[in-house]
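Just below is one structure, and these are the notes that go with it.
Throughout, read-outs are computed from the coordinates displayed, never taken from laboratory work. Treat the numbers as computed from the prediction; the structure is a model and nothing was measured. Don't worry about glycine lacking a Cβ; one is built from the backbone with ideal geometry, like all the others, and counts go over all protein chains shown.
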């Protein structure tokens, strides 16, 4: 029986995927698997029982990834599960920036009790007029699950779309409309586009990628949209650009103490994935990944360990090992197996940065003593027998 814990409410459609071999526990320390959305985990202590954490969403800033990796705890996320919800909000953000819709709605509330409201509307509507997005140039930086959907949707709305992603996957490249103009550098997008939307992870290379220097490359009156990560945009630089008119509007799903009240900012309260459908999709994907790992040892969409699919566990015993990525590890594993006269039917090994993962299938049952020998090898972080 596998115990799991939910640190946040998880959509029932996902939890219902667990079968009778799983039981929910409210005691975090008892859990072998944990589901989380936004709960902060950096200060939490993890028991040796914990095998995996699944984030029902894409961002994992609330999870201590290195700490988990060092303890052999595989951390999953659910990329793409909320992509459509974010895509739709990006489109809404472009429309809100193109036309002062929110300003007009707020103004109506100030005159709604006037008996001549209809006449006032006709007289006052001009100050809320704007432009259309059809025919405008949109630059999409980052062509992952969300970026591809945004690019394709904008193309169907009649925009001229430019896309940039040096690491685009084959899958996402196939899904990208042939009408999208693929460019090699961000600078081409900065110089060409009327609207620029960023859909990249927060890395050293992307932190504050929208800054004083890159803003200087852009057209006057450009619209910047950020539905990815707050720190992709330099707040001081965007404030200066808004005041000068270089930037017409900054649309962000991550308001902070500085941008929330900044003139020219359309601040949305992190609603990108806040749809019933997105929450359901994330929950379903998270639970499926946990089950596949617990039952078969397979890793899909981990952020701290490599992906490895060894198929359904059909052998007598499957041994999985989370370990450091260093020379001679496999040789040490096989030495232990051969010393016990155990035949390895199948072996798979993958690495990712400082960590690696090995799966070995046997036709015989292994003893606790055998597992202990594996655990004592320097560099081994967690051994599990399925």
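Key figures
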| read-out | value |
| --- | --- |
| Span from the segment 27-69 Cα centroid across to the segment 113-144 one, whole angstrom | 44 |
| Å³ per residue enclosed by the Cα convex hull of segment 1-137 | 198 |
| Fully extended contour minus Cα-Cα distance, from residue 121 to residue 171, at 0.36 nm per residue | 13.1 nm |
| Span per principal axis, largest first, for the Cα atoms of segment 308-386 (Å) | 32, 26, 17 |
| Overall form of segment 227-379 per C-alpha gyration tensor (a/c, 1.5; a/b vs b/c) | prolate |
| Structure-derived semi-axes √(5λ) of the Cα gyration tensor in Å - corresponding label in [x] 49, 23, 18; [y] 41, 21, 18; [z] 31, 27, 20 | [x] |
| Rh by Kirkwood over Cα pairs, then Stokes-Einstein D for segment 85-267 at 1.002 mPa s and 20 °C, µm²/s | 125 |
| Projected label distance in nm at residue 205 and residue 256, using a 7 Å step from Cα toward the beta-carbon | 2.3 |
| Residue order, fewest to most beta carbons within 10 Å, for 44, 209, 1, 285 | 1, 44, 209, 285 |
| Point-to-point label distance, residue 3-residue 365, nm (Cα→Cβ direction, 7 Å offset) | 2.4 |
| Computed FRET value (nearest 0.05) for residue 113 with residue 61, which takes r as the C-beta separation and R₀ as 51 Å | 0.65 |
| Additional length obtainable on full extension of the chain from residue 102 to residue 270, 0.36 nm per residue less Cα span | 58.8 nm |
| Calculated [θ] (222 nm, deg cm²/dmol) that DSSP helices of n ≥ 4 give over the chain, each run adding -39,500 (n - 2.57) | -9500 deg cm²/dmol |
| Spatial separation of Cα centroids for segment 275-317 and segment 189-230, in angstrom | 34 |
| Fewest-first ranking of 324, 178, 156, using other Cβ atoms within 10 Å as the exposure measure | 178, 156, 324 |
| Neighbour-count order for 107, 174, fewest beta carbons within 10 angstrom listed first | 174, 107 |
| Degrees separating the helix 145-156 axis from the principal Cα axis of the chain, which is the longest one | 30 |
